[in-house]
Amino acid sequence: MSRDGTPLMQQYRDIKARHQEAILLFRMGDFYEMFFEDAEVASRVLGLTLTSRNNGGASDVPLAGVPVKAVNDYLRRLVQQGFRVAICEQVEDPKLAKGIVRREVVETITPGAAFADDLLDVTRNNFLCAVHREGETFGIAAADVSTGAFHLVLAPAADAGAALARFAPSEVLVARGTSLVGAAAELHADGALVTERDGWEFDPAVARDELARHFGVHSLEGLGVGTDAGAAVGAGGALLRYVRELQPAGIPHLTRPTLERAGGVMPLDEMTRRNLELVESLRGESDHPNGRASAERAGTLLGVFDRTQTPMGARLLRQWLLAPLLDRGAIESRLDAVGALVHDGVARGALRDALDGVRDVERLASKVAAARATPRELGALGSSLAQLPRVAAATAHLGDYGALGVIAARWDACADLAEAITATLVERPPTAIGEEDAIRAGVDAPLDELRALRDGGRDAIANIQAAERARTGIASLKVGYNRVFGYYIEITNANRHLIPDDYQRRQTLTGAERYVTPALKEYEEKVLTATERIEARERELFEGLRARVGGAIRRLQDTAALVAQLDVLGTLAEVAATERYVRPEITEEFDLEIVGGRHPVVERMMPRDKFIPNDVQLTEGARMIILTGPNMAGKSTILRQIGLIVLIAQVGSFVPASRARIGIVDRIFTRVGASDNLVRGQSTFMVEMAETSAILHTATRRSLVLLDEIGRGTSTYDGVSIAWAVSEHLHDRTGAKTVFATHYHELTQLSDELDAVRNFNVAVREVGEQVLFLHRLQPGGADRSYGIEVGRLAGLPEAVIGRAREVLALLEGEQLAEGLMRETGDGRRETGVATRGGRATPGAPQLSLFAPEPHAAVTRLKALDANQMTPLEALRVLDELARLAREG
């Protein structure tokens, strides 16, 4: 028989043909086998032994396998490396199969569609996104199959990248052959698996019908998704079709979609999220959700705030930090709730204590609805729901405060579900039916009888033996058991004349006979099948309970969302109380005023009260600050501090300051630091210019722009010119609140040219040759950068420091050409040391790149015509020139 003709291989090929893009795990008994190319890939990626099996004509087929019990670890490694994995199970009992066992793919796992805890991070969502474009509008659909979350987003082209990046997708769907495939990097989907789908799947008309049918509505308008949302609907339909392919058993837990339009939350582009270190540190590795590398949360804003008690709270906190609000009413609602919990420490403590016993209700409920939950997971859901009355009681008296009132009005403790679960399952259910008892005693009478039969075997045998002795009058009669004949009654030959007629002989021994009776045979059948019947009955009861609870998935998801909100609000209050944050005043006006502002991350890394707070004020008439100061003085810290305080306020949290008045901003733009992007073939300066260009094209009057060192990646003159022009553009055309930190001290001259520019510097104090960094913001510009002092602090050799001072003196004295090289007495040329005493003049201003204003005497001289002057006039002009020279 040929290899193709082997029934097993033919079945494998038929199934593999329908899942060509996935590695197929083919269930064979206690192993998942992989064949052909899949086996070779798995062998290479997982380090498995590549072999072959004598399977009829398939002995030359490459094969690799993994045990069923160990499959989760192998799955995790495959998915983390970007592979799709199709799980093919035996869907009928091999004992009952006629011919080859029937098999079907029950699930396809991808980086963006995973249920298993091993493949997920409990503190963050695992989003699968689809992107569709119609004109200048992008539609984004985002779903997390582990929680059921489903979002639709409409965004203008300029904000599409920020909108997508907010979800940090593990996988992105795009239409095959469209420009979006190549634009995935521009949309900041790098690192995510990009999956191409047929273009018709993104058609809004097809998608609208698909979505309406799945969610059981006549029209999507009933869900708040109008006819103008075609781009988002197209993306949503394609995503739904893809997920249904991956999960043939269905996705009943997918929530009805919510449509988000531009203007609801602040778009945060990649550079702002990175520069402000919101969820990943610049010193850490990539925080990508598929686990290729795990970022250190220390040193991030998320690390400061994440004191949540529940997994869904941790996920929601991350979402809030990446989506600051733009509506003043929504911000104030959160601030009211946080304020109430800040001032009521008892309620805050009670809330956090109650939440401490709540598990991941969101993901547990999704597993229950998808019929994936184990007895232990369903038990965890029940015990978590049982905690909710304590959670509600902690804040019951605070229902008049903002978001807490909204939560109280919608609260559903799901008490009936908690009671059903806790009353049915044992206190500590097993991970699988059949391992240990899962159903409580007293729940089901037939189950209790079976357990009694299983557990009371010895007593039952003793009772049968006593009854038969009494009936027959044979005192030596005994009941026994062996594997060959089962249960039997043994009677010695001396008592054969007493044997009743219903005894049936089974075995003859020397001096005895073994018999069975109808009653004994009936008992034997009960005992031998009791365990199997117990498992079947428990499975039936468990699956019935799971189906009942899963049918209430919408209630459970709503409750989980409310618990998550309470957790985050309690966390914001806890941080505010322990870190001495204050409630910001939120306005619709332009002005930004921060008094005693502190960097929330940096101050946590220092001894308490050692961080130097600073004041910042930006108004319509003073909307741009040119910030100068030495290296290491803290300019970048102040920039990030301003951005973080504004962002935290618009999240709805108290802020690290003595007082803050925040005019709502529509965007926060940051351009801090420099880095190459070698993957995209961009130099440091190109990256810098691209980011600056994005700011100039996107910023509005309501934006906050924070710039650090624009133009330093190219020649000095080019850099100063660009920095100057950018500043003028932001001042004159954009009108945004701007803080520009720079070492180009020439930019301080902008305050003479532009009305709304103010100069500030970060103070230092010189003590001899030492420089003391005061980290204090003060009016006025700086005239030196103290770069050589920073080099000394960094440990540069003294010879290098000394030579640097010599060259600086030459530059400042305009003697570079003459002094860097000089002739020695023997005609050789060597490095020169012709300086003012061999060192820089203390306090000398740094060399300016712009030509200074000519001296008045020089100007007067240039205007003279000596040929037309009389001797007397020459003497008078000479006296005038002397006077001008003395006046300086």
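Details
- The set of residues in the range 103-126 being over 25 Å from GLY313 (Cα atoms) and either among the hydrophobic types (A, V, I, L, M, F, W, C) or modelled with pLDDT under 90 (or both) consists of VAL105, VAL106, ILE109.
- Test result for TYR523, part of a helix (DSSP H, G or I) and among the aromatic types (Phe, Trp, Tyr): yes
- Scanning the range 576-593 for residues that are out of contact with any helix residue (DSSP H, G or I) (no Cβ under 7 Å at 6 or more places or on another chain) and among the charged types (D, E, K, R) turns up GLU579, ARG580, GLU585, GLU589, ASP591, GLU593.
- Qualifying residue in the range 89-100 (condition: in a loop (DSSP other than H, G, I, E, B), basic (Lys, Arg) and open to solvent by 20 Å² or more (accessible area, probe 1.4 Å)): yes
- ALA547, sole failed condition from (1) under 45 Å from the mean Cα position of the chain (by Cα); (2) surrounded by fewer than 13 Cβ atoms within 10 Å (Cβ to Cβ); (3) more than 30 Å from ILE251 (Cα to Cα): (3)
- Filter result for the condition that a residue is buried (at least 24 other Cβ atoms within 10 Å of the Cβ) and in a strand (DSSP E or B), over ALA130, ALA160: ALA130
- Which listed residue, of ASN482, ASN463, ASN495, is open to solvent by less than 70 Å² (accessible area, probe 1.4 Å) and modelled with pLDDT under 90: ASN482
- Boolean, VAL582 is open to solvent by 10 Å² or more (accessible area, probe 1.4 Å), within 15 Å of PRO656 (Cβ to Cβ), at pLDDT 95 or above and not aromatic (Phe, Trp, Tyr): yes
- Matching entry among THR529, THR578, THR571 (being polar (S, T, N, Q), touching a Lys or Arg at 6+ places or on another chain (Cβ under 6 Å) and not assigned by the TED database to the domain that holds ASP666): THR571
- Flag if GLY382 is on the phi < 0 side of the Ramachandran plot and touching an Asp or Glu at 6+ places or on another chain (Cβ under 9 Å): yes
- Among the residues of the range 603-636, those identified as without any contact (Cβ under 8 Å) to a residue 40 or more places away in the chain and of a type outside the set (A, V, I, L, M, F, W, C) are PRO607, ARG608, ASP609, LYS610, GLN617, THR619.
- Segments classed as helices (runs of 4 or more DSSP H), wholly inside the range 315-375, with at least 3 members that are surrounded by fewer than 20 Cβ atoms within 10 Å (Cβ to Cβ) and out of contact with any helix residue (DSSP H, G or I) (no Cβ under 7 Å at 6 or more places or on another chain): 328-343, 345-355
- Strands (runs of 3 or more DSSP E) (entirely within the range 660-747) containing at least 3 residues that are modelled with pLDDT of 85 or more, out of contact with any strand residue (DSSP E or B) (no Cβ under 9 Å at 6 or more places or on another chain) and open to solvent by less than 10 Å² (accessible area, probe 1.4 Å): none
- Remark: pairs (first residue in the range 383-401, open to solvent by 70 Å² or more (accessible area, probe 1.4 Å); second residue not hydrophobic (A, V, I, L, M, F, W, C); Cβ separation under 6 Å; 6+ apart in sequence or on different chains) = TYR401/ASP336.
- Reported count of residues in the range 242-276, each being out of contact with any strand residue (DSSP E or B) (no Cβ under 8 Å at 6 or more places or on another chain) and open to solvent by 20 Å² or more (accessible area, probe 1.4 Å), is 7.
- Here ILE801 meets each of (1) assigned to a helix (DSSP H, G or I); (2) in contact (Cβ under 8 Å) with a residue 12 or more places away in the chain; (3) out of contact with any helix residue (DSSP H, G or I) (no Cβ under 7 Å at 6 or more places or on another chain); (4) among the hydrophobic types (A, V, I, L, M, F, W, C) with one exception, condition (3).
- Of all the numbered requirements in (1) crowded, with 24+ Cβ neighbours inside 10 Å; (2) at pLDDT below 95, MET606 misses one, and that requirement is (1).
- Condition check for GLU589: open to solvent by 50 Å² or more (accessible area, probe 1.4 Å) and either in contact (Cβ under 8 Å) with a residue 60 or more places away in the chain or touching a Lys or Arg at 6+ places or on another chain (Cβ under 7 Å) (or both): yes
- LEU566 being open to solvent by less than 50 Å² (accessible area, probe 1.4 Å), assigned to a helix (DSSP H, G or I), touching a residue at least 12 places away in the same chain (Cβ under 8 Å) and on the phi < 0 side of the Ramachandran plot: yes
The values are calculated or read from the model by the stated rules, or taken from the named source; none is laboratory data. Everything numeric in this text was worked out from a predicted model, so none of it was measured. Cβ atoms come from the backbone with ideal geometry, glycine included; neighbour counts cover every protein chain shown. Note: areas computed on protein heavy atoms with side chains; ligands, DNA, RNA excluded. Shrake-Rupley method; radii C 1.70, N 1.55, O 1.52, S 1.80 Å.
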